[in-house]
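Novice: Please read through the structure below; I'll follow up with questions.
The values are calculated or read from the model by the stated rules, or taken from the named source; none is laboratory data. Since the structure is predicted, the reported quantities are computational estimates derived from the model, not experimental observations. Virtual Cβ from ideal backbone geometry, glycine too; neighbours counted across all protein chains shown.
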Amino acid sequence: MGSSTLSRILTAGAFSAVLAAATAGTAAAAPPSDHEPTRSTTGSAFAFLSGPESAVFLDAFAPPGEDSFATLEIFVAGFECLTEERIPAVVDDLTSASATGELTLTCGSAEGEVLAHAVVDVAWEGEGSISPSTFAGRGMACVVRVLTRQATVTGTVQVTIPELGIDETARPGEGELREATELCPPRRD
């Protein structure tokens, strides 16, 4: 995967985090009777890992008022593997993060569906400067400020798909830590 493609993926991931924070944060931070300004912060981490046949996307989230969790998406041998299951994660601001656990995923393609098993043991360590971005304007009820920091990713994701004869280890490539803070004006009734 080229660096420009990976940059687009990382940018899309940051924007997705902004949208997730804007959607989840508003609901969590602003009950219907609340007429005060609201502020909520969601921490997250992104990692891209790859194996001989696989591309693995691992995201960890620390939404306000909820336990931190990680989700996984795998592309392998023409299949896209997804799950609604979550594994425990820890996101420590823009300093570090980790995710460890096991997931069962459903992999689909034009050929049909198969099941995959993934064992995740991944850690992020922030490095370098922090880059700020602000999202505001017409059509946005709130202002969202995102801080992004590159991260060194360590660990592996073991991917097993018995029906396809796949048993491989995905190793780290790129990663980053993010913190999205949403500021919303008081509600008007």
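Novice: Just for region 44-82: of the residues that are small (Gly, Ala, Ser), at pLDDT below 95 and not in a strand (DSSP E or B), which one is nearest to Val153 (Cα to Cα)?
Specialist: Applying the filter and picking the extreme gives Gly51.
Novice: Pull up region 49-71, narrow it to residues that are of a type in the set (S, T, N, Q) and more than 12 Å from Arg171 (Cβ to Cβ), then point me to the one that is surrounded by the most Cβ atoms within 10 Å (Cβ to Cβ).
Specialist: Looking at residues that are of a type in the set (S, T, N, Q) and more than 12 Å from Arg171 (Cβ to Cβ), I get Ser68.
Novice: Yes or no: Ala77 touching a helix residue (DSSP H, G or I) at 6+ places or on another chain (Cβ under 9 Å), surrounded by fewer than 18 Cβ atoms within 10 Å (Cβ to Cβ) and more than 14 Å from Glu176 (Cα to Cα)?
Specialist: In short, yes.
Novice: Now for a different question. Which strands (runs of 3 or more DSSP E) sit wholly inside region 96-189 and have at least 2 residues that are in contact with a Gly (Cβ under 6 Å, 6 or more places away or on another chain) and crowded, with 21+ Cβ neighbours inside 10 Å?
Specialist: Filter on region 96-189 gives 112-135, 143-161, 166-184.
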